[in-house]
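Below: one structure, written as structure tokens.
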Amino acid sequence: MKILDVLELLLLAAVWGASFLFMRIASPVLGPVWLIELRVLLAGLILLLFVIKLGLITEIRRKLVPLLMVGCINSAIPFVLFAYASLSLPAGFTSILNATTPLFGTMLSFIWLKEKLTISRIVGFVLGFAGVVVLVGWKTVSVTQSFNLAVTAGLSAAFLYAIAAPYTKKYLSDVSPFVIAAGSQLSAALIILFFTPFTIPSSVPTLQIIFAVIALSLFCTALAYILYFRLIQNIGVTKSLTVTYLIPIFAMLWGMLFLKEPITTSMIIGCFFILSGVAIANNLFSNLFN
């Protein structure tokens, strides 16, 4: 990868790492459905302004069906599933579920897109996932029905992310990242809208909740998806999905800065394993400056 690709990957991990904090804050008050509806609607409208300004609105009409599909399997369903999981699971545990995306994605890309499944990619992904486990630390969690449902929701969301990435590469590779981001978020908003009447929040959101929703929409969705779809086009599906290994690092960092959470030895060791795994999977040592 080029240096610019590496920087974009790190920036994407940083803003997506913050999304777990914002969902943890807002989901108990607004509920998963309303939180995600506000998230994708605000992000989609902002992105639509860029699309109109760039004169790309006709691309949305031309690729309407693929954009609807990406909006469904890459935003609407997985966003709601992770928001639901955040109601019952610790943020760190949820990030482990999210980090299974590249494991699903590697096999799907190998089967669907015929991407070469090299030994270095396999080793890198396994090492990266092991680092996530070390980073978060094993904690005793009561196995209840709500716990099982939350874990199932998180794993299902990760699997859908893995499906959406090669689908995007296959059917939207010739479309601007702005169009993909705007079209998919507006499509997700349309899909979720049908479920909002059944999950109306029972309390008025505070300023903290409003701020969390705005940050989640502007940075963790609008900006993040422009970067994500751009990376898929520039470096491929499998390498783009390694961003999920970096997300817990930044989630822990934001926790330290804003919630005064300590950095432990397991976090330092986990970071080492994760960065090593990403480097091996992406051949960074040999391709970084190419």
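What number of residues within the stretch 203-230 satisfy the criterion of being among the hydrophobic types (A, V, I, L, M, F, W, C) and farther than 12 Å from A181 by Cβ? Even if it seems obvious, please write down each step before you answer.
Taking the stretch 203-230 first, the residues among the hydrophobic types (A, V, I, L, M, F, W, C) are 204, 207, 209-216, 218-220, 222-224, 226-227, 229.
If we keep only those that are farther than 12 Å from A181 by Cβ too, we end up with 204, 207, 209-216, 218-220.
Qualifying residue count for the region: 13.
Picking from residues in the stretch 65-115 that are in a loop (DSSP other than H, G, I, E, B) and not hydrophobic (A, V, I, L, M, F, W, C), the one that is farthest from F20 (Cα to Cα) is K114. Checked against the criterion of being among the hydrophobic types (A, V, I, L, M, F, W, C), closer than 23 Å to G44 by Cβ and free of Cβ contacts under 8 Å to residues at least 12 places away in the same chain, the stretch 186-194 contains one or more residues that satisfy it.
Looking only at residues in the stretch 158-190 that are of a type in the set (G, A, S) and farther than 28 Å from Y84 by Cα, which one is surrounded by the fewest Cβ atoms within 10 Å (Cβ to Cβ)?
Taking the stretch 158-190 first, the residues of a type in the set (G, A, S) are 158, 162, 164-165, 173, 176, 181-184, 187-189.
The next check asks that each one be farther than 28 Å from Y84 by Cα; those that pass are 173, 176.
On the way: S173: 11, S176: 20.
Per the criteria, the residue is S173.
Suppose the filter is over 19 Å from G71 (Cβ atoms), surrounded by 18 or more Cβ atoms within 10 Å (Cβ to Cβ), in contact with a Cys (Cβ under 8 Å, 6 or more places away or on another chain) and in contact (Cβ under 8 Å) with a residue 40 or more places away in the chain; does I235 pass it? Judged against the criteria, I235 is not a match. Q208 meets the stated requirement of being within 27 Å of T244 (Cα to Cα) and loosely packed, with under 14 Cβ neighbours inside 10 Å.
On the basis of being surrounded by fewer than 19 Cβ atoms within 10 Å (Cβ to Cβ) and either among the aliphatic types (A, V, I, L, M) or in contact (Cβ under 8 Å) with a residue 24 or more places away in the chain (or both), does L149 make the cut? Answer is yes for this residue.
Each residue in the stretch 61-86 was checked for being surrounded by fewer than 19 Cβ atoms within 10 Å (Cβ to Cβ) and either in contact with a helix residue (DSSP H, G or I) (Cβ under 6 Å, 6 or more places away or on another chain) or among the small types (G, A, S) (or both), and 1 pass. Only one of these conditions is not met by F50: (1) in contact with a Phe, Trp or Tyr (Cβ under 6 Å, 6 or more places away or on another chain); (2) at pLDDT below 90; (3) among the aromatic types (F, W, Y). Which number is it? Condition not satisfied by F50: (2). Considering L38, L30, L47, L10, the condition of being of a type in the set (A, V, I, L, M, F, W, C) and surrounded by fewer than 21 Cβ atoms within 10 Å (Cβ to Cβ) is satisfied by L10 alone. One residue stands out among those in the stretch 117-138 that are touching a Phe, Trp or Tyr at 6+ places or on another chain (Cβ under 9 Å) and at pLDDT below 75: the one that is surrounded by the most Cβ atoms within 10 Å (Cβ to Cβ), which is L135. Residues of the stretch 246-267 that are under 13 Å from V134 (Cα atoms), assigned to a helix (DSSP H, G or I) and at pLDDT below 80: T265, S266, M267.
The values are calculated or read from the model by the stated rules, or taken from the named source; none is laboratory data. All figures in this text were calculated on a predicted structure; none of them were measured in a lab. For neighbour counting, all protein chains shown are included, and Cβ atoms are generated from backbone atoms with ideal geometry for every residue, glycine included.
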